[in-house]
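Colleague: This is the structure I want to talk about, given as structure tokens.
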Amino acid sequence: MKFIVIGSINMDFNFKVSHLPLKGETLKVTAFKTTPGGKGANQAVALARLGGKVMMIGAVGSDEAGISLKKSLLQEGIDIKAIKDVDTPTGNAFITVDEKGNNTILVYPGANGGLDSKWIYNFTDEIKEASYILLQLEIPLCTVIDAIELSHKIGTRIILNPAPAQKLPKEIFPQINILTPNETELALLTGIDVITEDNIVKASNILIEKGVHKVVVTLGEKGCFYIDRENHHFVKSFKVDSVDSTAAGDAFTAGFAIALAEKRSLNDALKFASAVGALTVTKTGAQESLPFRADVENFLRMVKNEE
Ligand code: RIB
């Protein structure tokens, strides 16, 4: 199972706080740590820990953060030859997490902004060999679009996690095999103000009508919603103690990709992805919180025994 992840690589600054800061408020941080992150790198690490053979295409600065982030990806068994060094500082994210595990994230793109299409084209052969290519929206949108067009042309299936929320050109939707927005992203992509239980089918169907093959909307503790041209249904979440929701969406997307590449049934794949997401919120940090294959299998076995 070969996967290519094209996306961001960040150094995360994690701030634990009693509640998310209000306008004009100065707030005491109760715990602080610096950890590897970035939506792209998180997905790459999740795939590798779940048993995927992964190549990451990205960009870091020629600085200490860049060196350390590349080293940690290498230690995860990820092929890093397609990570380029650029003359801009490595990307950063500033993450506040409250006592319930909710977060807010500020992102400084830095070197991620230097990931251009020309660099991606160097790895056309590797992209052709992959089961899936995974993308997010923390690198320049034109690079994402060119990468999708290339992958579509050479027949590699595309999973786009449209985070952070951004509008997409209409021509791109029919080329996307799987789109995994959360509620905010779904609202922005469809022009619907607020996503509710009553309008989620209508909203997700807009994306199917635009040409996306399969849409999975992640709904946090409410589970997820799946839709394609023939079917749609909700999948409940697993009940866990949430300490930090950072990277849960990344983990879910990677889990779904792995399960589909293993040719699991749709329901099994959604359950597997939900388990990967659920385990991620039980630990703090982004990559630090991503589960290994054995953790997910044990968790699913435990849940089954309890049923
Ligand atoms: O999805 C979580 C990630 O978003 C963090 O690791 C942070 O780097 C931001 O990119």
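Colleague: Which residue out of L50, L73, L22 is in contact with a helix residue (DSSP H, G or I) (Cβ under 7 Å, 6 or more places away or on another chain), more than 15 Å from the ligand (Cβ to nearest atom) and not hydroxyl-bearing (S, T, Y)?
Modeller: When all the criteria are applied, what remains is L50.
Colleague: Would it be correct to say that I127 is in contact with a strand residue (DSSP E or B) (Cβ under 7 Å, 6 or more places away or on another chain) and away from the ligand (no atom under 16 Å from the Cβ)?
Modeller: yes
Colleague: Right, something else. Quick test of your reading of the structure: S242 fulfils all but one of (1) within 16 Å of the ligand (Cβ to nearest atom); (2) part of a helix (DSSP H, G or I); (3) open to solvent by 10 Å² or more (accessible area, probe 1.4 Å). Name the failing condition by number.
Modeller: (2)
Colleague: Restricting attention to the stretch 154-171, which residues are buried (at least 20 other Cβ atoms within 10 Å of the Cβ), away from the ligand (no atom under 13 Å from the Cβ) and not in a strand (DSSP E or B)?
Modeller: As a first pass, look at the stretch 154-171 and keep what is buried (at least 20 other Cβ atoms within 10 Å of the Cβ): 156, 158-163, 168.
If we keep only those that are away from the ligand (no atom under 13 Å from the Cβ) as well, we get 156, 158-160, 168.
Correct list: T156, L168.
Colleague: I'd like to check which helices (runs of 4 or more DSSP H) are fully inside the stretch 41-153 and have at least 2 residues that are without any contact (Cβ under 8 Å) to a residue 12 or more places away in the chain.
Modeller: On the way: elements: 64-75, 117-121, 124-129.
Qualifying helices (runs of 4 or more DSSP H): 64-75.
Colleague: Okay, next question. From the list L266, L270, L279, L260, pick out the single residue that is over 22 Å from A165 (Cβ atoms) and touching a residue at least 60 places away in the same chain (Cβ under 8 Å).
Modeller: L260
Colleague: Right, here's the next one. Only one of F32, F13 is within 12 Å of the ligand (Cβ to nearest atom) and out of contact with any helix residue (DSSP H, G or I) (no Cβ under 7 Å at 6 or more places or on another chain). Can you tell me which?
Modeller: F13
Colleague: Listed residues I158, I139, I154; which is in contact with a strand residue (DSSP E or B) (Cβ under 6 Å, 6 or more places away or on another chain) and of a type in the set (A, V, I, L, M)? Reasoning before the result, please.
Modeller: Working: I139 fails: in contact with a strand residue (DSSP E or B) (Cβ under 6 Å, 6 or more places away or on another chain); I154 fails: in contact with a strand residue (DSSP E or B) (Cβ under 6 Å, 6 or more places away or on another chain).
Criteria check complete, one pass: I158.
Colleague: Also, quick follow-up: With D116, D98, D63 as the choices, which residue is within 16 Å of T246 (Cβ to Cβ) and either open to solvent by 10 Å² or more (accessible area, probe 1.4 Å) or within 16 Å of the ligand (Cβ to nearest atom) (or both)?
Modeller: Exactly one residue qualifies, and that residue is D98.
Colleague: Which of the numbered conditions does R293 fail, given that it passes all the others? Conditions: (1) away from the ligand (no atom under 16 Å from the Cβ); (2) closer than 21 Å to I133 by Cβ; (3) touching a Leu at 6+ places or on another chain (Cβ under 8 Å).
Modeller: Failing condition for R293: (2).
Colleague: Collect the residues in the stretch 245-263 that are away from the ligand (no atom under 16 Å from the Cβ) and touching a Lys or Arg at 6+ places or on another chain (Cβ under 9 Å), keeping them in residue-number order. Talk me through it step by step, then tell me what you get.
Modeller: Taking the stretch 245-263 as the starting set, the residues that turn out to be away from the ligand (no atom under 16 Å from the Cβ) are 258-263.
Of everything in the stretch 245-263, those that are away from the ligand (no atom under 16 Å from the Cβ) and touching a Lys or Arg at 6+ places or on another chain (Cβ under 9 Å) turn out to be I258, A259, L260, A261.
Colleague: Still on this structure, please answer the following. With out of contact with any His (no Cβ under 6 Å at 6 or more places or on another chain), modelled with pLDDT of 95 or more and surrounded by fewer than 21 Cβ atoms within 10 Å (Cβ to Cβ) as the only criterion, which of A273, A286, A261, A257 stands out?
Modeller: A261
The values are calculated or read from the model by the stated rules, or taken from the named source; none is laboratory data. What you see is a predicted model, and the numbers here were worked out from it, not measured in a lab. Every residue, glycine as well, gets a Cβ built from its backbone with ideal geometry; the counts of neighbours run over all protein chains shown. Note: accessible area is taken over every heavy atom of the protein model, side chains too, but ligands, DNA and RNA are not part of it. Shrake-Rupley method; radii C 1.70, N 1.55, O 1.52, S 1.80 Å.
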